[in-house]
1. Among B:C127, B:C205, which comes first, then next, by fewest other beta-carbon atoms within 10 Å?
2. Pairing the Cα long axis of helix A:2-54 with the longest principal axis of chain A, what angle in degrees results, from 0 to 90 and rounded to the nearest 10?
3. Rounded if a/c is under 1.5, else prolate if a/b beats b/c, else oblate: with a ≥ b ≥ c from the C-alpha gyration tensor eigenvalues square-rooted, which is region A:25-104?
4. Classify region A:56-192 from the C-alpha gyration tensor, please: rounded if a/c falls under 1.5, else prolate or oblate depending on whether a/b exceeds b/c.
5. Amide H to amide H under 5 Å from B:L160: which residues, 5+ apart in sequence or cross-chain, H placed 1.01 Å off N in plane?
6. HN-Hα J couplings of region A:97-106 from phi, Karplus 6.51/-1.76/1.60, θ = phi - 60°, integer Hz, Gly and Pro as x?
7. With each run of n ≥ 4 DSSP H residues scored as -39500 (n - 2.57), what mean residue ellipticity at 222 nm is computed for chain A after dividing by its residue count and rounding to the nearest 500 deg cm²/dmol?
8. For region A:117-219, what relative contact order do you get, as a whole percent, if you take Cα pairs closer than 8 Å and at least 6 residues apart?
Amino acid sequence: MRQTILRALEQVYGNLVHMIAEFLPRFLVMLIIIVIGLLVAFVLKYILRALLGLTKLDRVSDDAGASRVLRMAHLPPMTELLSRSIFWVTWIGFILVGLSVLGVAGLQEQISRLFQFLPEVFVAILILFLGAVIANFLSRTALLAAVNAGHPSPKILSWSIRFVIWILAISMTLEELGVARRTAISAFSIIFGATMLGLAIAFGLGGQDLARKCLERYLGDTKKKEEKEPQPL
Amino acid sequence: MAEDVFLSDDLLRQLMSVGEVDLLVGMSSLHAANTVSHALDEIEESFQRNFVRQRVVIVNVGGGDNDEDSARAKGHDNLAEKGVRVPGITSLRTSHRVAANVPGSPSPGIALRTILAAADLLRARACAVVSPAASNLTPDSVANLLRPVYREKFDFVAPLYTRNKYQGLLARNLLYPMSRALFGWGIRELFSEEWAFSGRLAALCLNQDVWHEEAIQARPEAWMAISAMASDFRCCQAFLGEKSPVTKGLGRDIVEVLRQTVGTLFWCLETRQSLWLDSGRSQSVPTFGPAHELTSDPTDLDRHRIFEMFRSGVTELEPILSSILDPETHSEIKSIVSLEEGKFRFKSGLWVRTLYDFAASYHHAVINRDHLVQALAPLYRGMTYSFLAEHSDSSPAEMETASETLCGEFELQKPYLMERWKAKVEVKL
């Protein structure tokens with residue numbers, strides 16, 4: 001009895017030692033990979049920051065209105081954001097590779113799934129970000145043009161443009177992520193179509209006078225309007 | 001040389017056959033088919049009357065071989081070469097004419113670059129740029145532009161005009177006082193279609209790497225004047241007579257004019273920071289002929305509409321203006337928006353601070369720069385309304401006094417701009 005217990009304990013101990021002996025090198029390899037990943041991520045971050053500084057990306061971002069969107073979202077400037085992103089993407093990549101070295105059952109499968117899904121997540125984030133920048137830029141362009149032309153409802157025009165672009169960006173993001181793909185496309189088609197139809201009916205039936213005035217203004221003689229303001233130069 | 005790259009073989013051939021010249025007059029004949037013949041006659045006559053012994057050339061920049069205007073200018077027979085003389089006048093030199101055809105529709109920047117390159121190659125001592133569409137183009141006005149450069153050794157000549165007291169308000173209330181306060185030279189017509197310059201200023205400007213810039217493409221003349229100031233070249237003004245009214249095109253569209261002129265002025269502030277951040281008080285510029293003159297002809301202006309566009313613009317653009325203006329300036333503007341039309345006045349101090357806020361925000365690029373300049377339009381309309389109401393019965397002398405006061409306000413508040421210019425951008429959510 002005693003011998004059996006001792007043999008079992010020896011076997012367990014042997015297995016434990018074997019497992020530790022097998023696990024420790026893997027763990028060390030994982031740590032080495034993570035540390036190397038950290039160094040590589042730092043190097044890539046500084047190289048990218050220097051390259052983007054040379055290309056004056058922040059100035060382009062300012063001009064496109066992207067910097068303001070970033071500020072509103074409490075995010076750093078474009079150059080800093082991209083260089084930090086490359087740091088984290090690189091390091092997380094190395095961490096996942098390191099974890100896969102451990103050989104834990106089930107974890108490898110989850111990691112490979114995550115790796116497969118990562119590009120779609122990045123593309124989705126990119127689509128949302130571009131959508132925000134484009135919506136902001138175009139809605140402001142429309143607002144300024146409408147105000148300076150004396151349009152009666154500039155904010156409605158501006159918000160309509162912003163709304164349509166956001167709807168488009170969100171539906172594209174959902175489609176990219178594969179979340180309720182059919183529902184997203186159908187919802188976009190219904191919302192967009194209904195909005196346009198509603199606007200057309202409201203403008204054509206509800207605002208006949210306004211429609212006539214607008215057409216007269218855009219298609220009529222502009223000379224009379226020009227004479228009402230002094231020549232600036 | 002740089003100009004060899006963009007000048008066509010045909011143009012180089014023409015310029016080589018001309019040789020060296022003393023005087024060069026350049027113009028862009030694009031969209032001026034009806035007036036180009038008249039302009040060429042006036043320039044030729046000016047040469048025959050005023051510059052009998054000088055070697056002269058007219059460079060006409062047109063829009064390619066298919067351009068009707070340049071074809072007409074090219075086909076217009078040279079009076080001097082044919083021996084046709086203005087009665088009682090004898091020129092001792094042959095007057096040359098060069099047609100520079102640029103592919104597409106040449107912008108003012110491309111046209112000027114071509115003229116500068118031609119002036120540089122021909123070693124011209126005095127050059128002038130004129131507009132064939134201007135109805136005030138006469139032999140005397142051409143001579144008045146060229147004479148200070150050729151005879152008095154000035155490097156840049158800006159025009160001066162007689163004009164209606166309600167016209168040119170952008171120049172009177174913004175471009176002139178602001179450029180005078182910041183750059184230190186009181187040039188009234190910084191943006192004009194007629195000006196003159198020396199050969200050395202042409203060479204200096206030609207060699208600068210700015211020709212791809214949007215500001216230079218649209219209105220290069222102010223940049224040229226500021227380049228002359230920056231290099232301590234001699235600048236002056238010459239009286240040319242009555243200002244031609246802008247009857248067509250974008251010259252009457254306030255937003256487009258703001259983009260071209262204020263956008264260029266802000267761009268010059270950005271690129272010439274060392275010049276104006278260190279410059280002291282403004283100095284007067286020598287003037288040839290009578291000073292700036294004003295007439296009081298009746299005009300058809302809808303003041304109520306101007307005021308309404310100011311009021312609605314400030315209200316609708318509130319989020320944009322809040323990111324451009326200092327909070328105190330913005331709140332003052334919002335408070336005057338609520339005033340009744342009859343009591344409304346845009347005080348000069350507030351106007352100056354508004355413009356300096358716009359200039360600083362342009363520098364910090366708080367929003368897209370083109371959008372920023374467009375957002376100035378409602379405020380400019382507010383100032384225009386205030387000016388029209390305040391000076392409905394003012395004499396030219398009173399208006400001149402008001403203009404001087406405004407210039408003084410711009411100079412007084414220059415430290416405010418410098419402070420905002422150098423400040424770090426605040427994050428506004």
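Laboratory data are not the source of any read-out in this text; all were calculated from the coordinates shown. Note that this is a predicted model, so its numbers are computed, not measured. Every residue, glycine as well, gets a Cβ built from its backbone with ideal geometry; the counts of neighbours run over all protein chains shown.
1. Working: B:C127 29, B:C205 23.
Fewest-to-most Cβ neighbours within 10 Å comes out as B:C205, B:C127.
2. Around 30 degrees separate the two axes.
3. Numbers: a/c = 4.97, a/b = 2.54, b/c = 1.96.
Here region A:25-104 falls in the prolate category.
4. Working: a/c = 5.20, a/b = 1.73, b/c = 3.01.
Cα axes put region A:56-192 in the oblate bin.
5. Correct list: B:A238, B:F239, B:L240.
6. Residue by residue, region A:97-106 yields 4, x, 4, 5, 5, 4, x, 6, 4, x Hz.
7. Numbers: 9 runs with 195 residues, N = 233.
Taking each H run of at least 4 residues, the total per residue is -29000 deg cm²/dmol.
8. Values: 63 pairs, mean separation 26.0, N = 103.
With pairs under 8 Å counted, the relative contact order is 25 percent.
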